[in-house]
1. Ratio of segment B:1-42's C-alpha Rg to 2.2 N^0.38 Å, to two decimals?
2. Helix B:139-156 versus the longest principal axis of chain B: what angle, 0 to 90°, nearest 10, using Cα atoms?
3. Just check segment B:56-98 against the gyration tensor rule for me: Cα atoms, a ≥ b ≥ c as the square roots of the eigenvalues, rounded for a/c under 1.5, and otherwise prolate or oblate depending on whether a/b exceeds b/c.
4. Among A:Lys169, B:Lys6, A:Lys90, what's the order by accessible area (1.4 angstrom probe), most exposed first?
5. Positive end of the dipole of chain B, charges at C-beta (+1 Lys, Arg; -1 Asp, Glu), about the Cα centre: which of B:His29, B:Ile60, B:Leu42 has its Cα farthest in that direction?
6. Relative contact order for chain B: what is it in percent, counting Cα pairs under 8 Å that are at least 6 residues apart?
7. I'd like the FRET efficiency for B:Glu17 and A:Lys123, computed as 1/(1 + (r/R0)^6) with the beta carbon distance as r and R0 of 25 Å, rounded to 0.05.
8. Kirkwood hydrodynamic radius (Cα pairs, Å) of segment A:1-143?
Amino acid sequence: MGERRRRNMSRAKINLGGVTTLLVDGDTFMRGSIAQMLRRFGMNTPTICESGAATMAHLEHHYVELCMFEAILPDMGCAELIRWIRRQTKSPLRFVPIVVLTSYTLHRNLAIIRDAGANLIIKRPVSPQLLLDSITWLAKTSRSFIETAKYVGPDRRFRTLEPLDGKHKRETDVTKIGDTVSLDDRNEQTFSEPSLNRALAV
Amino acid sequence: MTRVSKMIHFPKTRLAELAERHGGMTRSHALEEATKGVQGMLDVGLDMIRQAMAAIEATIYSAKQGRLDHAAMQGLLRQADQIVTMAATFAYATLEEASKSLCDVADGLVARGMTDAAPIIVHVQAMRLMIPGSANLAEGEVALILAELARVRDHYRFVRLSSGAPADLEPSEIVT
């Protein structure tokens, strides 16, 4: 990273005041240290839940701006909890950014969490730098939100390579930001399930 | 052919809206504050390292005929995971490395259904030397100990969890 860019990054301000986080982690120390970091970033003291069921009960009646879940909850996998959130019809809860904290960064575990609809996975232990940069990235990066029968969550594609045959077939290639579009309504396009799976593959 | 309904939304999250407001703090200031906050938890962290270490030692020194059962190994893994977290949070790099190595070995033994206590014991003894406030080790001595721990892993051909193991060897804790 260039010296000028690094200086600009240090000078740039981010206002996280008033941001409420829901923190779900069974480890008391990790919970304490993350809560400490969030407060020092200027965010509200996070709401703490210790299980998936308690989290669901809380979210039925409260809104939060950011969710941070441990990958392994005492009563369920966090993937189940994420899928529940993503399928809530109550907007904007279903669009809430979700960060998962895990020590087990094996590829299959990460894929399960990603495919449940998490925005970001962070390897524990979490440093202040990593946490702040992750939150900043979530706040500053606009990602489309995909809703299909099998997947509801942020667009999992990060690469923006040209298609091999040069033909743009992805739906987002022709959609302007700011719209909510039903593809079936828009151009009566029909997707078979296999082609849809290919389109969503990372 | 099955018709699949698909929607694409472009939501602006509340987090993004709030972060766009004027004011706030610079990255360097936020990090400085957060680091101070975490360092303020050092005493708690050290206590937790000592407690986890004592629990691991109690387990391994109660091994019968040099064997540890599956439940003991799992308990040991949980405690070692706690030590890895603390050591990494407070930048005790050598203790972190030794604890990670213990996790690799314990996880490998569990995955293969083995019950050998010896590779576990040698790791725990090494970790005891690296606990803050224990032995005053020179850099060369630390390197030598870590190299010996690596030889133990190599002997069993255990993969390193931290470097990403093949899918068939992963722990099964994440339930979908």
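1. Output field value: 2.21.
2. Helix B:139-156 and the main axis of chain B meet at about 90 degrees.
3. prolate
4. Final ranking, largest accessible area leading: A:Lys169, A:Lys90, B:Lys6.
5. In chain B, that residue is B:His29.
6. 20 percent
7. 0.30
8. 15.7 Å
The values are calculated or read from the model by the stated rules, or taken from the named source; none is laboratory data. Quantities reported herein were computed from a predicted structural model and do not represent experimental measurements. Don't worry about glycine lacking a Cβ; one is built from the backbone with ideal geometry, like all the others, and counts go over all protein chains shown. When the accessible area is computed, the model is the full protein with side chains, heavy atoms only, and any ligands, DNA or RNA have been set aside. Shrake-Rupley method; radii C 1.70, N 1.55, O 1.52, S 1.80 Å.
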